[in-house]
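The values are calculated or read from the model by the stated rules, or taken from the named source; none is laboratory data. Keep in mind it's a predicted model, so treat the numbers as computed, not measured. Positions of Cβ are backbone-derived with ideal geometry, glycine not excepted, and every protein chain shown enters the neighbour counts. The accessibility values were calculated without ligands, DNA or RNA, using every heavy atom of the protein model including side chains. Shrake-Rupley method; radii C 1.70, N 1.55, O 1.52, S 1.80 Å.
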Amino acid sequence: MSVDTQRIGLFLDNAARTATAVPQFIGSEAFDLDAAYRIQQASIAARLQRGERIVGMKMGFTSRAKMVQMGVSDMICGRLTDAMLVEDGGSIRMADFVHPRVEPEIAFLLKRSIRGKLTPLQAMDAVEAVAPALEIIDSRYEAFKFSLSDVVADNSSSSAFVVGAWCRPDSDLDNLGMVMSFDGRAEAIGSSAAILGHPARSLAAAARLADERGLELEAGSIVLAGGATAASALRAGLHVSLEVQNLGFTGFSVTE
Ligand code: OOG
Ligand code: MG
């Protein structure tokens, strides 16, 4: 059975652009993971055609909390574009999303391209800076329900992200406290250790996934290591902030 990856890619891109929920691909419409990454590529091509620029990659399902929340158990990746980047302290509009959620993450900035099989230490060697980050995920599927292939096709729910001030990568990242707050009250508390035991492992996995899927992770790219806790639903009026021990703060507001 051949899958029309181009058509589905444009369909999902349109769902994202118009903030419209769509049904999952089930039964005879279902496709495998290879097709899902080709669909993701087709949806990204549509963004590039509109003038967006790739700025990096996000890793998904790198913590148990995320895997359990979404009922999947494999790591995935998605692409980040400049249009998804929200200024630190800036705001997003609920109207631009279907049913957005937010999760606390750690971001890496690369000074060299990485690709293929690397140890976490080798991957860290290519890091220019690290920062606290909040990822706003927004599945285009109804009720935020999907199979692994569905979510990969939907660019792994990428929709927006906020990155705090960059820090030198010398502080050890292996067990940093992470507190995500809603209106100043702790909403989710975790540790960077929740991300594969150490976020550098997620970076090494990103290099491997990029290689497997023919993607580039060039110098200057941002890599989001994956949510350290389950994601929380957003609503208009909220102010969201994240403090990561030793790395500092980031945050944003939500309007209607
Ligand atoms: C898929 C994206 C997963 C993460 O950090 O684990 C992800 C989703 O949960 O909708 O971004
Ligand atoms: Mg994420």
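With the structure loaded, tell me whether F108 is within 16 Å of ligand 2 (Cβ to nearest atom) and under 25 Å from A16 (Cα atoms) or whether it fails that test.
Numbers: within 16 Å of ligand 2 (Cβ to nearest atom): yes; under 25 Å from A16 (Cα atoms): no.
The answer is no for F108.
Within segment 1-15, track down each residue that is in a helix (DSSP H, G or I), surrounded by 15 or more Cβ atoms within 10 Å (Cβ to Cβ) and not charged (D, E, K, R). Give the derivation first.
Kept after step one, since they are in a helix (DSSP H, G or I), are these residues of segment 1-15: 5-15.
Add one more test, that the residue is surrounded by 15 or more Cβ atoms within 10 Å (Cβ to Cβ), and what stays is 5-6, 8-13, 15.
If the condition is that a residue be in a helix (DSSP H, G or I), surrounded by 15 or more Cβ atoms within 10 Å (Cβ to Cβ) and not charged (D, E, K, R), then T5, Q6, I8, G9, L10, F11, L12, A15 are the ones that fit.
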For G56, all conditions in the list (1) over 29 Å from G237 (Cβ atoms); (2) over 15 Å from the mean Cα position of the chain (by Cα) hold save one; what is the number of the exception? (2)
Tally, over segment 222-247, of residues that are surrounded by 21 or more Cβ atoms within 10 Å (Cβ to Cβ), polar (S, T, N, Q) and within 16 Å of ligand 2 (Cβ to nearest atom): 1
Quick one: what pairs do we get from segment 233-256, first residue closer than 18 Å to M94 by Cβ, second basic (K, R) and assigned to a loop (DSSP other than H, G, I, E, B), C-beta under 9 Å, 6+ apart or different chains? V254/R235
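V68: surrounded by fewer than 17 Cβ atoms within 10 Å (Cβ to Cβ), on the phi < 0 side of the Ramachandran plot and within 16 Å of ligand 1 (Cβ to nearest atom), yes or no?
Spelling it out, V68 is indeed surrounded by fewer than 17 Cβ atoms within 10 Å (Cβ to Cβ), on the phi < 0 side of the Ramachandran plot and within 16 Å of ligand 1 (Cβ to nearest atom).
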Quick one: count up the residues across segment 71-86 that are more than 17 Å from G220 (Cα to Cα) and not in a strand (DSSP E or B). 5
Scanning segment 151-172 residue by residue, the ones that are surrounded by fewer than 24 Cβ atoms within 10 Å (Cβ to Cβ) and either without any contact (Cβ under 8 Å) to a residue 40 or more places away in the chain or away from ligand 2 (no atom under 16 Å from the Cβ) (or both) total 8
Looking at (1) within 12 Å of ligand 1 (Cβ to nearest atom); (2) in contact with an Asp or Glu (Cβ under 8 Å, 6 or more places away or on another chain), which one does S149 not meet, given that it meets all the others? (1)
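Can you tell me how many residues within segment 99-130 are under 30 Å from A143 (Cβ atoms), open to solvent by 40 Å² or more (accessible area, probe 1.4 Å) and part of a strand (DSSP E or B)? Give the steps one after another, and end with the answer.
First pass over segment 99-130, keeping only residues under 30 Å from A143 (Cβ atoms): 99-107.
Keeping just the survivors that are open to solvent by 40 Å² or more (accessible area, probe 1.4 Å) gives 99, 101.
Still in the running and part of a strand (DSSP E or B): 101.
Result for segment 99-130: 1.
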Test L215 against the criterion of being within 16 Å of ligand 2 (Cβ to nearest atom), touching a residue at least 12 places away in the same chain (Cβ under 8 Å) and crowded, with 17+ Cβ neighbours inside 10 Å, and give yes or no. no
Segment 210-231: number of residues that are over 13 Å from G56 (Cβ atoms) and more than 12 Å from ligand 1 (Cβ to nearest atom): 4
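Check whether at least one residue in segment 84-107 is basic (K, R), touching a helix residue (DSSP H, G or I) at 6+ places or on another chain (Cβ under 9 Å) and away from ligand 1 (no atom under 12 Å from the Cβ), and report yes or no.
Pass one, segment 84-107, residues basic (K, R): 93, 101.
Checking the rest, the ones that are also touching a helix residue (DSSP H, G or I) at 6+ places or on another chain (Cβ under 9 Å) come to 101.
Next, from what is left, pick out any that are away from ligand 1 (no atom under 12 Å from the Cβ): none.
No, that holds for no residue.
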Please specify each residue of segment 56-89 satisfying the condition of being farther than 18 Å from D13 by Cα, in contact with a strand residue (DSSP E or B) (Cβ under 7 Å, 6 or more places away or on another chain) and away from ligand 2 (no atom under 15 Å from the Cβ). D88, G89
Selection from segment 183-208 of residues that are buried (at least 19 other Cβ atoms within 10 Å of the Cβ) and hydrophobic (A, V, I, L, M, F, W, C): A188, A194, I195, L196, A200, L203, A204, A205, A206, A207
